[in-house]
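*Asks:* Let me give you the structure first, and then I'll get to my questions.
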Amino acid sequence: MSRSARAFWLRSPHQGEIRDVVLPDPGEDEIVVRTLWSGVSRGTEALVFRGQVPRSQWDVMRAPFQDGDFPAPVKYGYLSVGVVEEGPARLTGRTVFALYPHQTRYVIPADAVTPLPDGVPAGRAVLAGTVETAVNALWDAAPLIGDRIAVVGGGMVGCSVAALLARFPGVRLQLVDADPGRAATAAALGVEFAAPEEAREGCDLVVHASATEQGLARSLELLRPEGTVIDLSWYGDRRVTLPLGEGFHSRRLTIRSSQVGTVSPARTGRGYAGRLALALDLLADPALDALITGESRFEDLPAVMPGLASGELPALCHRIRYED
């Protein structure tokens with residue numbers, strides 16, 4: 001049986017297009033998924049769209065079901081929600097999340113999708129990959145009851161981290177961002193907001209997600225002696241300069257990286273599947289709808305991506321709709 005689909009490709013840096021695709025027949029352990037929604041992970045996908053993935057990171061940055069190679073042509077993305085049209089009885093008709101690029105329909109191994117829990121709407125589930133990043137970051141950070149914490153950078157990842165930290169008992173939490181428009185998002189998440197110059201210092205922990213050297217430098221300034229910055233930012237091919245000659249050594253500060261491509265050593269027993277299942281369970285909270293700040297039709301994606309990548313179209317998670 002012939003199956004057709006349409007997929008978004010980066011033809012060359014700054015230029016996207018939609019291509020027709022002929023799908024293979026599903027194998028014994030494969031399923032066919034019809035896409036309902038996908039999400040643009042703006043930070044990473046903007047770097048890909050601009051052709052700024054460093055050559056040294058081409059293998060590391062490959063998406064699970066990426067086609068093509070960096071810098072282009074490449075089919076890239078990893079936030080997809082759809083309905084299983086063909087497959088085993090336990091999955092047929094179920095709504096599932098998959099780390100698949102922007103495509104109307106696809107064939108994928110059955111064990112590469114995660115069914116949505118009851119109470120998690122399909123449109124919100126596009127956030128699963130980013131909430132999974134936040135889960136891994138907090139496994140790395142290991143916050144404690146009563147900690148003084150700042151999240152610097154109110155993008156999609158930073159807001160996801162702040163949303164989860166807002167559930168921790170007794171913490172003093174601030175979301176810090178240079179854009180005053182992020183105050184409304186913070187309020188929707190139940191989190192205090194501050195501009196960088198107004199943020200409270202003396203933090204036990206700072207989670208940095210602004211992808212700027214100014215944000216990372218300010219994160220160090222917010223720490224108490226022997227405090228820790230968990231850096232979630234990915235800088236692409238940019239070099240970052242830090243003031244490590246000031247109080248960095250005398251105050252015994254720590255900078256640690258966290259990256260979703262590896263399960264935190266603190267939770268290696270959970271594995272990737274367990275981490276993603278937890279992220280989907282956490283998406284039962286309707287407050288996380290505040291992270292979805294725009295929506296477009298799939299057919300409009302080539303025209304929308306340049307604005308998302310340049311920042312002309314402000315967004316946290318921009319959701320792509322496949323059905324009218």
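*Asks:* As I understand it, the value is the acute angle between the Cα axis of helix 271-282 and the longest principal axis of the Cα atoms of the chain; what does it come to in degrees, rounded to 10?
*Replies:* Its long axis makes an angle of about 80 degrees.
*Asks:* If you don't mind, there's one more thing I want to ask. Does segment 130-266 come out rounded, prolate or oblate by the C-alpha gyration tensor, with a ≥ b ≥ c the root eigenvalues, rounded set by a/c under 1.5 and, if not, prolate when a/b is larger than b/c and oblate if not?
*Replies:* In terms of gyration-tensor shape, rounded.
*Asks:* Let me ask you something else. Evaluate the relative contact order of the chain (contact order divided by residue number), counting alpha-carbon pairs under 8 angstrom at least 6 apart; express in whole percent.
*Replies:* Relative contact order comes out at 20 percent.
*Asks:* Using only Cα atoms and rounding to the nearest 10 degrees, what angle (0 to 90) does helix 301-310 make with the longest principal axis of the chain?
*Replies:* With both axes taken from Cα atoms, the answer is about 10 degrees.
*Asks:* Using alpha-carbon positions, what is the distance between the centroids of segment 1-46 and segment 113-190, in Å?
*Replies:* Here the answer is 28 Å between Cα centres.
*Asks:* I would also like to ask the following. Full extension from D25 to F248: what is 0.36 nm times the residue separation minus their Cα-Cα distance, to one decimal in nm?
*Replies:* The D25-F248 span can extend by a further 74.5 nm.
*Asks:* A further question on this structure: If you restrict to DSSP beta bridges whose two residues both lie in the chain, what percentage is antiparallel, to the nearest 5?
*Replies:* Around 60 percent of the beta bridges assigned by DSSP in the chain are antiparallel ones.
*Asks:* How large is the helix-only mean residue ellipticity at 222 nm for the chain, computed as the sum of -39500 (n - 2.57) over DSSP H runs with n ≥ 4, divided by its residue count, in deg cm²/dmol to the nearest 500?
*Replies:* Using -39500 (n - 2.57) per qualifying helix, the result is -6500 deg cm²/dmol.
*Asks:* Here's something else I'd like to know. For the ranges 244-250, 166-172, 119-125, what's the packing order if you count other beta-carbon atoms within 10 Å of each residue, average per peptide, and put the highest first?
*Replies:* Highest-to-lowest ranking by the protection proxy: 119-125, 166-172, 244-250.
*Asks:* Here's something else I'd like to know. Using R₀ = 22 Å, calculate the FRET efficiency as 1/(1 + (r/R₀)^6) where r is the Cβ-Cβ separation of F168 and Q259; round to 0.05.
*Replies:* With R0 = 22 Å, the Cβ-Cβ based efficiency is 0.50.
*Asks:* Build a GNM of the chain with springs between Cα atoms under 10 Å: which of L205, L127, L282 gets the top mean-square fluctuation?
*Replies:* Among L205, L127, L282, the largest mean-square fluctuation in the Gaussian network model of the chain belongs to L282.
*Asks:* Please check which bits of segment 5-48 a label hung off W58 would reach, taking the label as a point 7 Å along Cα-to-C-beta and the cut-off as backbone N under 18 Å.
*Replies:* Residues 10-14, 47-48 fall inside that zone.
*Asks:* May I ask you to derive the relative contact order of segment 130-266, considering only C-alpha pairs under 8 Å and at least 6 residues apart, and to give it as an integer percent?
*Replies:* Taking the mean separation of contacting Cα pairs over the length of segment 130-266, I get 26 percent.
*Asks:* If you work out percent of Cα pairs over 33 Å apart from the coordinates, which of (1) 25; (2) 52; (3) 34 do you get?
*Replies:* Checked against the structure: label (1).
*Asks:* GNM, the chain, Cα, under 10 Å: largest mean-square fluctuation among S264, S56, S12?
*Replies:* S56
Bear in mind that the values in this text are calculations on the coordinates, not laboratory data. In this text the structure is predicted, and so the values were computed from the model without any measurement. Don't worry about glycine lacking a Cβ; one is built from the backbone with ideal geometry, like all the others, and counts go over all protein chains shown.
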